[in-house]
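The values are calculated or read from the model by the stated rules, or taken from the named source; none is laboratory data. The model shown is predicted, which means the values in this text are computed figures rather than measured ones. When we count neighbours, we look across all protein chains shown, and the Cβ atoms used for this are built from the backbone with ideal geometry, even at glycine. Side chains are part of the model used for accessible areas, which takes the heavy atoms of the whole protein and leaves out ligands, DNA and RNA. Shrake-Rupley method; radii C 1.70, N 1.55, O 1.52, S 1.80 Å.
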Amino acid sequence: MKESDVKNVPGGGAEVTGGHESLPAPAAVDEDKDGANFPESTAEPAEISDSVLDGKNMWALNCIFCPSKIMPAKVASYHVEERALPKMKQKKALSEGLEVEPLSRWFMVSDVMMFDNIGVSNAVGDIKYLTCADCEMGPVGWTDLSNKKCYIALARVRET
Amino acid sequence: MSDDILTTLKILIIGQSGVGKSSLLLRFTDDIFDPDNQAATIGVDFKVKTIDIDGNLVKLAVWDTAGQERFRTLTPSYYRGAQGAILVYDVSSRASFERLDPWLQELNTYATKSNIVKMLVGNKIDKDRTVTREEGLQFARRHSMLFIEASAKSKEGVMCAFEELVQKIIQTPGLWESDHRTGFSLQEHSETEAGASWCNC
């Protein structure tokens, strides 16, 4: 992996490029309180050297919840950008507001057809959310409608 | 693996509300989505699915009308460039069967590919039927459509439907192109008409 491919800053945190205000660093979240197997989060690993090779996804990316293959290996570019996504498991009613979490590590493709399998939500403002094409769990990422780029959260996929 | 993709096809799913179009949207796994899930609440616009047809990988962009049928007229851009269309009715709903004609007319009006492959799907065969298999078959024959009965609930027939449709498209000369382009546009379904579209046949 080339140093220039990733913009990690010392301390394991990621460089913040968005306009978010002092979001907490992606640290370990609390243990699964419900005891369920729901991998709701999404603690981002400190090391990405096991995931990124030559700036691309080293492994195929799959849904965490079902066998669906999202994309083959070596297709997407590693991208660091802090951005909040709605949590995959919302514990409160939506009327109480959407629970989001900041994520910073993504795999980016320039075109949605580069995925093997993906679901694309209806538009929410200037983005659409990405979900598993088979079980529809998500969001696993988002797509920017202005430039069609699609971002998959490293923390929300299973690498094989 | 992406290099091995034979072609990319645009497939539409059309039909009345409530006939189970969404569940036909290539939903093969158990339903485990979180009802409070934001993306599910927002609704799925389309899906990209890669399927294996006789050893060839074919990438599908499958579009569901996603509730827009309530407004009856889908935008022509929804139909543009589609190589295949799945027209769905509910075998337990006579009304959904009787309203197939206007859907077919709309499809024939807006489809930009004259040899688009059409498939009729009688859905929900796990329920009490009011439309016989023979009636569905007759309608399909009359309109030169493929025909299959399915139950998304039991997954029965759903995979078959897609495989059969894609096989027929592949067998239709001039309907598809070997995959070299990446010009697919997310915007295509919206009002934005300009720019790269599927393919310009």
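Please compute, for peptide A:98-106, the average count of beta-carbon atoms on other protein chains lying within 10 Å of each residue's beta-carbon.
Numbers: counts 3, 2, 1, 0, 0, 0, 0, 0, 0.
Per residue, the average neighbour count from other chains is 1.
For B:Phe147, what accessible area in Å² do you get when you roll a 1.4 Å probe over the heavy atoms of the protein chains, rounding to the nearest 10?
Here the residue's solvent-accessible area equals roughly 20 Å².
Round to the nearest 10 and report in Å² the accessible area of A:Tyr129, as given by a 1.4 Å probe over the protein chains' heavy atoms.
A:Tyr129 has an accessible surface of roughly 20 Å² with all protein chains in place.
With every protein chain in place, what's the accessible area of B:Leu57 (1.4 Å probe, Å², nearest 10)?
Accessible area, nearest 10 Å²: 40 Å².
Given a cut-off of 21 Å, name the pairs among A:Lys87/B:Lys59; A:Lys128/B:Lys10; A:Lys128/B:Lys49 whose C-alpha atoms lie farther apart than that in the structure shown.
Values: A:Lys87/B:Lys59 29 Å; A:Lys128/B:Lys10 19 Å; A:Lys128/B:Lys49 17 Å.
Pairs exceeding the cut-off: A:Lys87/B:Lys59.
Count, for each residue of A:119-132, the Cβ atoms from other chains sitting within 10 Å of its Cβ, then give me the mean as a whole number.
Values: counts 12, 10, 10, 10, 6, 3, 0, 0, 0, 6, 7, 2, 8, 5.
The per-residue average across the peptide is 6.
With a 1.4 Å probe and all protein chains kept in place, how do B:Ser77, B:Ser114, B:Ser144 rank by accessible area, largest first? Display every interim value, and only then the final one.
Working: B:Ser77 0, B:Ser114 120, B:Ser144 100 Å².
Descending accessible area places them as B:Ser114, B:Ser144, B:Ser77.
Inside 10 Å of the C-beta atoms of A:135-141, what's the mean count of C-beta atoms belonging to other chains? Don't skip to the answer; put the middle values down first.
Values: counts 7, 13, 7, 8, 5, 1, 0.
Averaged over the peptide's residues, the number is 6.
Just to be sure I understand the model, the point goes 7 Å from the Cα along the line to the Cβ. What's the resulting B:Asp128 to B:Glu163 distance in nm?
Each label point lies 7 Å from its Cα, and together they span 3.3 nm.
Taking 0.36 nm per residue of sequence separation and subtracting the Cα-Cα distance, how much length would be gained by fully extending the chain between A:Asp111 and A:Thr160, in nm to one decimal? All intermediate terms of the calculation are to be shown ahead of the outcome.
Working: separation 49, 0.36 × 49 = 17.64 nm, distance 2.21 nm.
Gain on stretching A:Asp111 to A:Thr160: 15.4 nm.
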